[in-house]
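Novice: Questions regarding the structure given below will be posed in turn.
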Amino acid sequence: MIYSRMAVIGCGLIGSSVIRAARAAGTVGSVAVGDASEAHRAEIEALGYADLVTGDLAEAVADADLVVFAVPVLAMGPAAATVAAALKPGATVTDVGSVKVGVAESLRAALPASVYLVPGHPIAGTEQSGPAAGFAELFRGRWVILTPEADDRSAYRDAVNRLSDFWIALGAQVDIMDAAHHDLVLAVTSHLPHLIAYNIVGTAADMEEVTRAEVMKYSAGGFRDFTRIAASDPTMWRDVFLANRDAVLEVLGRFTEDLQALSRAIRWGEGDKLFDLFTRTRDIRRGIVAAGQESAEPNFGRDRAASGGGPKP
């Protein structure tokens, strides 16, 4: 056991997976869940993996050694302000948001100095959402990035190490990174791909020459992958793009320039340029597979969610 009591604020796919994984690994004693959604609370109670389920967020964090904020990124600050007075001195507070600079600033502004804030981001997920979508294996072999504050106190370093041990026990690999660099990296690897997926699926839906039935009937593998990504939670991704707008716009500008160059190569029949690009991108794909970041786990999670979302036997 690493933490005697864990509180999770917001219990969708990631929050519920943290609970399931922590229960399976035996890293926490009791678990409290605070969620504003009455429907979510009823679902969590039916699933039976929390000791306390409440709509009172302050009640949820009372006496917790670890508090995990798993709400959309623009809701992090308001949620932290709601629970600030109820937090146990010395507690570790973290989050699972995919934007770190803005989230860290909003959390620090709301939290008391008596707690240890260690922002975090597990790079894992499926397009499913809600408490039943979670599963204990979601973080296995995946990276969790922690972006600690500039705090040289030994107690703070201990809190960072303890949280790192927690994620490792859940099967994840942990890396430490500067928050601004994290946001740029994720703009490239996650945020821009989602933006492209939302846009290309929307474009297909708007084309008068292609009917909706044809889009669904004749979807090839590439388009199916885009629709899977574009099925992700709208509220979460709206908040991500607004919270990480500077990094996303920077990467989007570079992408637009590269796309124009690719358009020119196609227009002028420059096959060598196309071949060189496709060769480089294939090598990147092979590197991702070799690094173990391509597996059946996301599909497993989606299949489990469709059948009730329980953890793997």
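Read the figures in this text as sums done on the coordinates, not as results from a lab. Just so it is clear, the model here is predicted, and its values are computed rather than measured. Neighbour counts are summed over all protein chains in view; Cβ atoms, including those assigned to glycine, are modelled from backbone coordinates with ideal geometry.
Novice: Among ASP283, ASP239, ASP225, which comes first, second and so on when ranked by fewest other beta-carbon atoms within 10 Å?
Specialist: Listed from fewest to most nearby Cβ atoms, that is ASP283, ASP225, ASP239.
Novice: Which residue, THR27, THR126, THR203, has the most motion in a Gaussian network model of the chain that connects Cα atoms within less than 10 Å?
Specialist: Checking each option, the largest mean-square fluctuation is seen for THR203.
Novice: Tell me, ARG20, ARG238, ARG282 in order of fewest to most beta-carbon neighbours within 10 Å?
Specialist: Ascending Cβ contact count within 10 Å gives the list ARG282, ARG238, ARG20.
Novice: Sticking with this one: Given points 7 Å out from each Cα along the Cα-Cβ axis, report the SER37 to GLU250 separation in nanometres with one decimal.
Specialist: 3.3 nm
Novice: Kindly identify segment 3-177 as rounded, prolate or oblate by the Cα gyration tensor criterion: order the square roots of the eigenvalues as a ≥ b ≥ c, call it rounded if a/c is under 1.5, otherwise compare a/b with b/c, prolate if a/b is larger, else oblate.
Specialist: It is rounded, given that a/c, with a ≥ b ≥ c, falls under 1.5.
Novice: Taking the C-alpha atoms of segment 181-291, how large are the radius of gyration and the largest Cα-Cα span, Dmax, in Å?
Specialist: Cα-based Rg and Dmax for segment 181-291 come out at 15.9, 42 Å.
Novice: Ok, one more. Mean Kyte-Doolittle hydropathy of -0.5 or higher plus an axial Cα length of 24 Å or more: which whole DSSP H helices in the chain meet both?
Specialist: 245-267, 271-290
Novice: Only Lys, Arg, Asp and Glu count, each charged at its Cβ (+1, +1, -1, -1), so figure out the dipole size of segment 181-291 about its Cα centre, rounded to 20 debye.
Specialist: Magnitude of the dipole: close to 340 debye.
Novice: Counting DSSP beta bridges with both partners in the chain, what percentage is antiparallel, nearest 5?
Specialist: Taking every DSSP beta bridge with both residues in the chain, the antiparallel ones total about 10 percent.
Novice: Between LEU242 and THR203, what is the FRET efficiency for a Förster distance of 25 Å, r being their Cβ-Cβ separation, to the nearest 0.05?
Specialist: 0.70
Novice: Ok, one more. Once every DSSP H run of n ≥ 4 in the chain is given -39500 (n - 2.57) and the sum is divided by its residues, what mean residue ellipticity at 222 nm do you get, rounded to the nearest 500 deg cm²/dmol?
Specialist: Computed ellipticity for the chain at 222 nm equals -16000 deg cm²/dmol.
Novice: Tell me, LYS100, LYS273 in order of fewest to most beta-carbon neighbours within 10 Å?
Specialist: LYS273, LYS100
Novice: Let me ask something else about it. If you take every residue apart from ASP233 with its C-beta less than 11 Å away from the C-beta of ASP233, what net charge results, scoring Lys and Arg +1 and Asp and Glu -1?
Specialist: My count for the surroundings of ASP233 gives -1.
Novice: Another question, if that's okay. Under a 10 Å cutoff between Cα atoms, tell me which one of ALA261, ALA86, ALA110 has the largest fluctuation in the Gaussian network model of the chain.
Specialist: ALA261
Novice: For the chain, restrict the atom set to alpha-carbon positions and state the Rg and Dmax in Å.
Specialist: Final numbers for Rg and Dmax: 20.7, 66 Å.
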